[in-house]
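Notes follow once the structure below has been shown.
The values are calculated or read from the model by the stated rules, or taken from the named source; none is laboratory data. Everything quoted here is computed from the prediction, not taken from an experiment. Positions of Cβ are generated from backbone atoms using ideal geometry, with glycine treated the same way; all protein chains shown enter the neighbour counts.
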Amino acid sequence: MAHFCTSSFQRLQTDWYPVTTNIHIRHLGPRNLSAVYQYIGQFFDAHILDPTNRVSVPINCPNPWPPVLGPLWLVCGQDDEEAAKFLGNLYCRYAIQRPELWWSFPYAVFDWKPRLYVVNSHLQGEATHLLQPTPIEMNRAL
């Protein structure tokens, strides 16, 4: 359906770096891309069932990254920062493809500007606490 970026106040049609993302996707290949999307999808699905489940790269991809993301890291020349940016752009594209309306917010607890995704139905009244980092997330940022 849609992904609304709160930083740019616009509905996104693609990710923030589509040229680079498309190059990486071509090198990743369809089988690996499907596995990565399946991995990402579990976090979006879990959030819909329970809004306390967070959808964000630094939360869903602990260091070391799970093996399913190994090919992604290799495609990015084994550069951790480039791989994280590529994965973040895949999260963005995945949100766009979902049937729900998703909002992404800069996750202020981290300096490198990852996004926190929240489904529209969880953004009502008391759910605003979802945008606040948990104590565990605060410790990871230090």
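Values computed for the structure shown
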{"quantity": "Positions within segment 47-74 being under 19 Å from residue 93 (Cβ atoms) and either part of a helix (DSSP H, G or I) or of a type in the set (S, T, N, Q) (or both), in sequence order", "calculated": "47, 48, 56, 57, 58, 59, 60, 68, 69, 71, 72, 73"}
{"quantity": "Options 77, 70, 88: the member that is loosely packed, with under 13 Cβ neighbours inside 10 Å, within 21 Å of residue 20 (Cα to Cα) and at pLDDT 85 or above", "calculated": "77"}
{"quantity": "Residue selected from segment 75-94 under the condition in a helix (DSSP H, G or I) and without any contact (Cβ under 8 Å) to a residue 24 or more places away in the chain, by the criterion farthest from residue 29 (Cα to Cα)", "calculated": "80"}
{"quantity": "Output for segment 39-51, where each listed residue is free of Cβ contacts under 8 Å to residues at least 24 places away in the same chain and of a type outside the set (A, V, I, L, M)", "calculated": "42, 43, 45, 50"}
{"quantity": "Residue 54 in contact with a His (Cβ under 8 Å, 6 or more places away or on another chain), within 22 Å of residue 121 (Cα to Cα), touching a residue at least 60 places away in the same chain (Cβ under 8 Å) and not β-branched (Val, Ile, Thr)", "calculated": "yes"}
{"quantity": "Segment 15-53, subset among the hydroxyl-bearing types (Ser, Thr, Tyr) and within 13 Å of the chain's Cα centre (by Cα), residue surrounded by the most Cβ atoms within 10 Å (Cβ to Cβ)", "calculated": "39"}
